[in-house]
Amino acid sequence: MAKRISYVDVFWFVPNLIGYSRVLLSALAAYSMYYEHPSVMFISYALSELLDAADGYYARKLGQCSKFGEVLDMVTDRCTTTVLLTYLAHLYPSLALVFCLLISLDISSHYMQMYSQLITGKTNHKQMDAGAHWILKAYYTDRRVLFGFCFGNEAFFLLCYLTYYLPVGGWYYLAVAFTVVAFPVFVVKNVINVVQLYESAKDLARLDAAQINRDEPPAGPTKKASKI
């Protein structure tokens, strides 16, 4: 008879251990960011993003997919991106409003996507059915596409941070060149976020309409009171 899994066992799943290491690396990145250790920040943040692919790989390989792991992964992603964008708003005050809007779009689109998927009976926010928008299907159904856009988007933000601290010279121009290369990925990723936000809002509104129509009594001709 197979051993029953307890909630403590789930905490010790390999992909979740990778998730905890991402949290620690993200905390180190945030500390290094605000105490201005750009090299430590860059390395720790980049490692955290690379491990984002590893946790999903080992979850599938070892049969250790879990709801806890999915939420841990999403919360870590949203928190690390928010911290970095907040600091970029500090470094580039003329673009502070843009960074604040990007934070709002990132959080709202992912939260609404997860909520709309779960309330319609899907197991996670990445599960797409036949009626899903073609952009979202292309984005979520191929893990290489998903990782490429997520990593490219984070790389753009990270390179914006790095170029602020690099002295003008060879490394600076190389970082600027990579930033230019990552810029189209950043643009497409945030277009996907807009589509995700709209499609999720539409799905929730459809559910509301169906619920209201189901609860309302059927309309019919009113009977006139009979005369005595």
Check on Val75, modelled with pLDDT under 95 and open to solvent by 20 Å² or more (accessible area, probe 1.4 Å)
yes
Which condition from (1) open to solvent by 80 Å² or more (accessible area, probe 1.4 Å); (2) over 20 Å from the mean Cα position of the chain (by Cα) is the one that Leu24 breaks?
(2)
Looking at region 94-135, which of its residues are within 19 Å of Asp52 (Cβ to Cβ) and open to solvent by less than 70 Å² (accessible area, probe 1.4 Å)?
Leu102, Ile103, Asp106, Ser109, His110, Gln113, Met114, Asn124, His125
Residue under question is Leu174, and the condition is that it be among the hydrophobic types (A, V, I, L, M, F, W, C), modelled with pLDDT of 90 or more, over 23 Å from Ala53 (Cβ atoms) and in a helix (DSSP H, G or I); does it hold?
yes
Counting only residues in region 141-154 that are open to solvent by 20 Å² or more (accessible area, probe 1.4 Å), free of Cβ contacts under 8 Å to residues at least 40 places away in the same chain and part of a helix (DSSP H, G or I), the one nearest to Gln117 (Cα to Cα) is identified as Thr141
State which residue pairs qualify: first residue farther than 16 Å from Tyr140 by Cα and among the small types (Gly, Ala, Ser) and inside region 90-119, second residue open to solvent by 40 Å² or more (accessible area, probe 1.4 Å) and part of a helix (DSSP H, G or I) in any location, beta carbons under 8 Å apart, and separation of 6 or more residues or different chains.
Ala96/His90; Ser108/Leu197
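The values are calculated or read from the model by the stated rules, or taken from the named source; none is laboratory data. Quantities reported herein were computed from a predicted structural model and do not represent experimental measurements. For neighbour counting, all protein chains shown are included, and Cβ atoms are generated from backbone atoms with ideal geometry for every residue, glycine included. Calculation scope for accessible area: heavy atoms of the full protein, side chains included, ligands and nucleic acids excluded. Shrake-Rupley method; radii C 1.70, N 1.55, O 1.52, S 1.80 Å.
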